[in-house]
Structure formats: structure tokens, C-alpha cells
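Asker: Dropping a structure here in C-alpha cells format, bear with me for questions.
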Amino acid sequence: MKFKNILSAAALSAGLATAMAQPALAQEKTDFKLAWSIYAGWMPWGYLSDSGIMDKWAEKYGITVEIVQINDYVESINQYTAGAFDGVSATNMDTLSIPAGGGVDTTALIIGDYSNGNDAVILKGEGTLQDLAGKPVNLVELSVSHYLLARGLDTVGLSESDLDGVINTSDADMIAAYATDDVSAVVTWNPLVSEITASNPDANVLFDSSQIPGEILDLMVVNTQTLADNPDFGKAVVGAWYEVMGLMAAGDEEALTAMAEAAGTDLAGYQAQLAVTEMFYDPADAVAQAASPDLPTTMTTVAEFLFDKGILGVNAPSADFVGIAYPGDVVTGDADNVMFRFDTTYMQMAADGAL
């Protein structure tokens, strides 16, 4: 789904160890930095910067917010975790595994969207999910693609052990890999899904993220203490984001075309990606997603997946290692180790017109 490079468990552990050694970021300040990477639902961050909308909202609150594009998605999260940024665009799964699992208390400031078909399991030729048994599957290991595969296999009573292995394949190599004779199936994200299905008549989508709605969430997460010490930071970022959401919801062609070009496609191509991205243009919808009774169940499933793969923090003793807080004082995992928070405060302010 995101432009991830291959992430090994060893590299992740090293990143977490570095992050845990960092000093606390808590302080009142006026200059902030956000990191983001290319993905349909995150293109607004680039537009926020280029259009001056972020500067306008930052000036309103007497601060500055620098928005930095980083081409390596995992690296952007590692840099945030290490304290180089005050926030980063990330999925719920990667937020839990990297900063939260590494001991950096992190808040989901904005729930931007969920993948609603952007991620897919693709078989070369005819067949069903059951036909993956005994076949190798190429994907970015330990990414949301790996999670999607696990969820898909579970629907037909299979598990990863029923496959002929998972082949760790960079997103940059996925299209070329699909074209080789020894690749039977791949799991990837847009725009790669669109490219593979458009160029290969034999591409057979077996399972996609629309079948697990709300499970792959795309967020802007920020350091919890930094947000607590600097509420104007949250107000400026959320205000700017929803101004752009308003433009997108209204079909503003200039804004959408700029995002499309930045994503390396045209307007039609970008709109096709947005069609399988459940964007929360209305902040009230994002608040409802955060408060959904299904979210704690989803995050428990995600935590169990991460623990099973050995990437839920360094030496995590169980899937409950990291506490996750939700609206209404609901907590899953260890209530004494809450490191990931879904906070609707600022999204609700946007919904109420209070920014």
C-alpha cells in the first residue's frame, strides 16, 4: 500500500533500539516538522506544503510547520521514532510496531482514510485463495501486504505455513518479479496493483482490502507529549488538513491534478486510486472511525499479527505488550504501558468549526 522498502526484523530491532535511547521530546516550542511518503491518501501533505495552506494555518497559531517528503516509508517512521520529526504519516500497524512498540508514546492526530481496495492479493492465472496452498507468494515482508495475506488466508482456513514460502520482494521490484516465470502470486498496493492488473490479462485479484474495511488505517501520528505541550500545533495541522479535504471533496481539479502529478500519474489515474481509498473528507467521519467499537478488535488482531511475526517491540512478552487507548477510556493491551492513542480532540474541533 505504501512505497516501503524491504524491512527486516533485524533492521527494525536496530531502529527501535536507537529510538529507545532518545531523550524525551517534551517541550513548548514554535517550530515543528512532519514527514510523509507517497501514497494516494497522503498526497494532501505535499499539497499542503506546496500550496501554502499549511503556512497559512501555522501563521494563524504563531508557529511554523515544515512538511518533508521522504521516499523511504519505513525510514520516515524510523526518523520520527528517533525524534527527528514531530509527526509522520503511517498506518495503524506500523505505528504500533515501530514507535509505540519502541517506547515512543504516539497519538493518531488524524485518521485520514482506510484502504478500501488499494491493497490486493494477486494470483497469476485462474484460481482462488485456496489455490495459494503450495505456492510461493511475493510481498514486502512484515508490511501491511503481509498482514493482508494473513487475513485473506484465514478466511479460507489456510495459514502461511500452507504456502511454499513468502518471498521478500521490494515494492520497486514487484512489477518485474510478477513478469518472471517463477512468480505465482504477489501481494502489493496501489499504484502497483493497478499497473499489474492493467498490463497482465492473467492477473487475478483474489482478495483485497475492501474485504477487511477499516483494518488498514492511514494516519498522521504525532508525539503525544509534544502535542500535549503544544496544542496549537495540533490545531494548525488539523485545520490545514481539513481545508484540503474540503477541496478534494468538492472535486477541486487544480488541487487534485497537483496531487496526481506529485504521485506520478494523471488526474484520472489518481482518481482511480482515490476510488479504492475511503477518505474521511468530513472530520466527523474520522471521529466516528476512531470511536468505532470495531477499532479495539481490529487493533487486537493487528497486535497479535505483529507479535506472531516477532515485531511488536523489542522482546515483547505477549501481544498485549503495548497498551492502546481509544475514546471513552477504552484500552486494549497493557493499561500500564499505553504508547498508542486514538485521540479525537482535534478532529472533533474541526467538525465543530472550532479551529
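Asker: So for each of 248-260, 76-88, 312-324 I average, over its residues, the number of other beta carbons within 10 Å; can you give me the resulting order with the highest mean first?
Answerer: 76-88, 312-324, 248-260
Asker: Determine the percent antiparallel among the DSSP beta bridges restricted to the range 112-260, to the nearest 5.
Answerer: 70 percent
Asker: Going by a ≥ b ≥ c, the root eigenvalues of the Cα gyration tensor, does the range 114-219 fall in the rounded group (a/c under 1.5), the prolate group (a/b larger than b/c) or the oblate group?
Answerer: rounded
Asker: While we're on this one: Place the peptides 136-149, 280-293, 159-172 in order of packing, highest mean first, counting for every residue the other Cβ atoms within 10 Å and averaging per peptide.
Answerer: Answer by packing, highest mean first, reads 136-149, 280-293, 159-172.
Asker: What's the extension gain from residue 284 to residue 352 if we count 0.36 nm per residue and subtract their Cα-Cα distance?
Answerer: 23.6 nm
Asker: In addition: Give the angle, between 0 and 90 degrees and rounded to the nearest 10, that separates the Cα long axis of helix 231-249 from the longest principal axis of the Cα atoms of the chain.
Answerer: 60 degrees
Asker: Going by the alpha-carbon gyration tensor, a ≥ b ≥ c the square roots of its eigenvalues, is the range 199-355 rounded (a/c under 1.5) or, if a/c is not under 1.5, prolate (a/b greater than b/c) versus oblate?
Answerer: Taking the square roots of the gyration eigenvalues as a ≥ b ≥ c, the range 199-355 is oblate.
Asker: Still on this model: With contacts defined as alpha carbon pairs under 8 Å and 6 or more residues apart, what's the relative contact order of the chain in percent?
Answerer: Computed over the chain, the figure is 25 percent.
Asker: State the extension gain, in nm to one decimal, for the chain segment bounded by residue 69 and residue 160, taking 0.36 nm per residue of separation less the distance between their alpha-carbons.
Answerer: 29.3 nm
Asker: I'd like the Karplus ³J(HN,Hα) series for the range 342-348: coefficients 6.51, -1.76, 1.60, θ = phi - 60°, whole numbers in Hz, and an x wherever there's a Gly or Pro.
Answerer: 9, 10, 8, 3, 7, 5, 5
Asker: Something else now. About its Cα centre, what dipole magnitude does the chain give when the only charges are +1 on Lys and Arg Cβ and -1 on Asp and Glu Cβ, stated in debye to the nearest 20?
Answerer: Its charge dipole is roughly 460 debye.
Asker: For a label point 7 angstrom out from the Cα of residue 168 toward its Cβ, which stretches of the range 128-157 have the backbone nitrogen within less than 19 Å?
Answerer: The answer is 136-150, whose backbone nitrogens lie closer than 19 Å to the label point.
Asker: Continuing with the same structure: Rounded to the nearest 5, what % of the DSSP beta bridges within the chain are antiparallel ones?
Answerer: In the chain, approximately 60 percent of DSSP beta bridges are antiparallel ones.
Asker: I'd like to know which of 144, 40, 122 lies farthest towards the positive end of the charge dipole of the range 22-173, counting +1 on Cβ of Lys and Arg and -1 on Cβ of Asp and Glu.
Answerer: About the Cα centre, the residue reaching furthest to the positive side is 40.
Asker: Next question. May I ask you to compute the full-extension gain from residue 130 to residue 29, defined as 0.36 nm times their residue separation minus their alpha-carbon distance, rounded to one decimal in nm?
Answerer: Using 0.36 nm per residue and subtracting the Cα-Cα distance, I get 30.9 nm.
Asker: Per-residue HN-Hα couplings for the range 208-220, Karplus 6.51 cos²θ - 1.76 cosθ + 1.60 at θ = phi - 60°, whole Hz, x for Gly and Pro?
Answerer: In residue order, the calculated couplings are 9, 5, 5, 8, 10, x, x, 8, 9, 8, 10, 10, 10 Hz.
Asker: Which residues' amide hydrogens lie under 5 Å from the amide hydrogen of residue 85, considering only partners 5 or more residues apart or on another chain, with H built in the peptide plane?
Answerer: 80
Asker: May I ask you to order 39-45, 181-187 by the average number of other C-beta atoms within 10 Å around their residues, highest value first?
Answerer: 39-45, 181-187
Asker: Leaving ligands, DNA and RNA out of it, rank 295, 267 by accessible area with a 1.4 Å probe, largest first.
Answerer: Solvent-accessible surface, decreasing: 267, 295.
Asker: Can you compute the helix-only [θ] at 222 nm over the chain? Use -39500 (n - 2.57) per DSSP H run of at least 4 residues, normalise by all residues, nearest 500 deg cm²/dmol.
Answerer: -11500 deg cm²/dmol
Asker: Heavy atoms only, 1.4 Å probe, whole protein assembly: order 339, 279 by accessible area, highest first.
Answerer: Highest to lowest solvent-accessible surface, that is 339, 279.
Asker: For the range 270-355, what does the equivalent ellipsoid look like in terms of its semi-axes, each the square root of 5 times an eigenvalue of the Cα gyration tensor, given largest first in whole Å?
Answerer: Semi-axis lengths for the range 270-355 are 28, 18, 10 Å.
Asker: If I take every Cα pair under 8 Å that is 6 or more residues apart in the range 42-186, average their sequence separation and divide by the length, what percent do I get for the relative contact order?
Answerer: Normalised by residue count, the contact order of the range 42-186 is 19 percent.
The values are calculated or read from the model by the stated rules, or taken from the named source; none is laboratory data. Just so it is clear, the model here is predicted, and its values are computed rather than measured. Please note: Cβ atoms are built from the backbone with ideal geometry, for glycine as well, and neighbour counts cover all protein chains shown. Just so you know, the surface numbers come from the protein's heavy atoms only, side chains and all, with ligands and any DNA or RNA stripped out. Shrake-Rupley method; radii C 1.70, N 1.55, O 1.52, S 1.80 Å.
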